[in-house]
Structures are given as C-alpha cells and as structure tokens.
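For reference, the structure discussed in these notes is given below.
The values are calculated or read from the model by the stated rules, or taken from the named source; none is laboratory data. Because the structure is a prediction, the values reported are computed rather than measured. Every residue, glycine among them, receives a Cβ derived from its backbone with ideal geometry; neighbour counts consider all protein chains shown. With ligands, DNA and RNA removed, areas are computed over all heavy atoms of the protein, side chains included. Shrake-Rupley method; radii C 1.70, N 1.55, O 1.52, S 1.80 Å.
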Amino acid sequence: DGSPAGQADRAPVSQIGPVAATRSELLEIQQEAGHPVYWLGEREGTEVELTRTTEGNVYVRYLEGGADIGERVPALTVSTYPFAGALNALEEVAERPGSTSERRDDGGLVVRAGESATSVYVAWPDEDAQVEIFDADPEEALEAATSDELGPIE
C-alpha cells in the first residue's frame, strides 16, 4: 500500500472514499485525525479525491481531464501516513545508495530514492507523520514536494 515502515499502531478509524472532497471536508478529516493532513491546495483544472484507510492514512488525489472519482488513473497524489519517528525513519532512507535529499525552507526533509522515482517523501521535525508525493513524472513529484504549496490543510 505504499505506507512507510515504522507506522505506529493506532486505533482503527472509519474508511472513507474514494470520494470527491472540498477544502472544508478535508479540514474536517484533518481535525478528526488529530494530526496534519497534507495537500497542495486547490489546483485549477482538478477535482480533489479523498481516501482514508482504517489505519488513518489519508490520500488526496488531484484528478485532471475529467477523470472520475475512483478511476484508476495516474494522478498527482499527496499521501499522509501517521507514525511516530517519521523524520528519523526518513533520514535512514536518505542514507541509502541512490537516494537524494534536501531540506525544505520549513525544516522538512525531502527524500527521493533515485532520479526516476515517481514518489518523493517528506517529514518534518517534531511531527509524527510522513508525506508521500506521487506523480507519474518524477520531476513533477519532486517539484511538488519542495513547493511552498505543500502543507497542512488550512
């Protein structure tokens, strides 16, 4: 499922989606979660799709070109995985051969496991969550992960 190692045991939550979601609905999910849920803001020409697993993982997909909710098409996706020690786990991944890393202006660590990786991971100090940015284009995934637009839903 793409979730990172080290995920904390959490009480199961109700599964949601995939469903279309507005900013205010995403904000409610974040408040329920008790931890930040990340996204890239509202993006023109896209429809936001939300999925939450019983483990508490939250997936925000940006569907383009008239793709239907739930349709299995590659789409820019911001996934938030709650687990303790996310930054330490990601720092270990950054040390693996072929991985590259950089710091965000907000102190977050961005890690990509190889130039052609379509997923880029981000974690922040003092935060028990890791974020995965997926895009079929590896450069778009990296750009999104380092973007100022990436942040908790507000």
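Across region 47-79, the qualifying residues are those that are among the β-branched types (V, I, T) and open to solvent by 40 Å² or more (accessible area, probe 1.4 Å), and the one among them that is modelled with the lowest pLDDT is T54.
Filtering region 42-58 to residues that are among the hydroxyl-bearing types (S, T, Y) and over 14 Å from S14 (Cα atoms) leaves only T46. If you check A145 against the conditions, is it aliphatic (A, V, I, L, M), surrounded by 13 or more Cβ atoms within 10 Å (Cβ to Cβ), touching a Ser or Thr at 6+ places or on another chain (Cβ under 6 Å) and within 21 Å of Y59 (Cβ to Cβ)? Criteria not met by A145.
When region 80-103 is limited to residues that are open to solvent by less than 40 Å² (accessible area, probe 1.4 Å) and touching a Lys or Arg at 6+ places or on another chain (Cβ under 8 Å), the one that is nearest to V131 (Cα to Cα) turns out to be P82. Where strands (runs of 3 or more DSSP E) fall wholly inside region 74-154, the ranges with 1 or more residues that are aromatic (F, W, Y) are 76-82, 119-123, 129-134. Would you confirm, using the coordinates I've provided, whether Y121 is in contact (Cβ under 8 Å) with a residue 12 or more places away in the chain, buried (at least 21 other Cβ atoms within 10 Å of the Cβ), farther than 22 Å from V19 by Cβ and not basic (K, R)? In short, yes.
Quick check on my filter: what residues within region 5-23 are modelled with pLDDT under 90, among the small types (G, A, S) and part of a loop (DSSP other than H, G, I, E, B)? Once the filter is applied, which keeps residues that are modelled with pLDDT under 90, among the small types (G, A, S) and part of a loop (DSSP other than H, G, I, E, B), region 5-23 yields A5, G6, A8, A11, S14. When region 24-47 is filtered for residues that are out of contact with any helix residue (DSSP H, G or I) (no Cβ under 7 Å at 6 or more places or on another chain) and either assigned to a loop (DSSP other than H, G, I, E, B) or aliphatic (A, V, I, L, M) (or both), the ones remaining, listed by number, are L26, L27, I29, A33, G34, H35, G41, R43, E44, G45. Could we say that D128 is open to solvent by 70 Å² or more (accessible area, probe 1.4 Å), within 19 Å of Q30 (Cβ to Cβ) and in contact (Cβ under 8 Å) with a residue 24 or more places away in the chain here? Yes; evaluated as a whole, the condition is true for this residue.
Only one of the numbered conditions (1) more than 15 Å from V19 (Cα to Cα); (2) in contact with an Asp or Glu (Cβ under 9 Å, 6 or more places away or on another chain) is violated by I69, and that is (1).
A single entry from P36, P82 fulfils the requirement of being over 21 Å from E140 (Cβ atoms), modelled with pLDDT under 95 and touching a His at 6+ places or on another chain (Cβ under 7 Å): P82.
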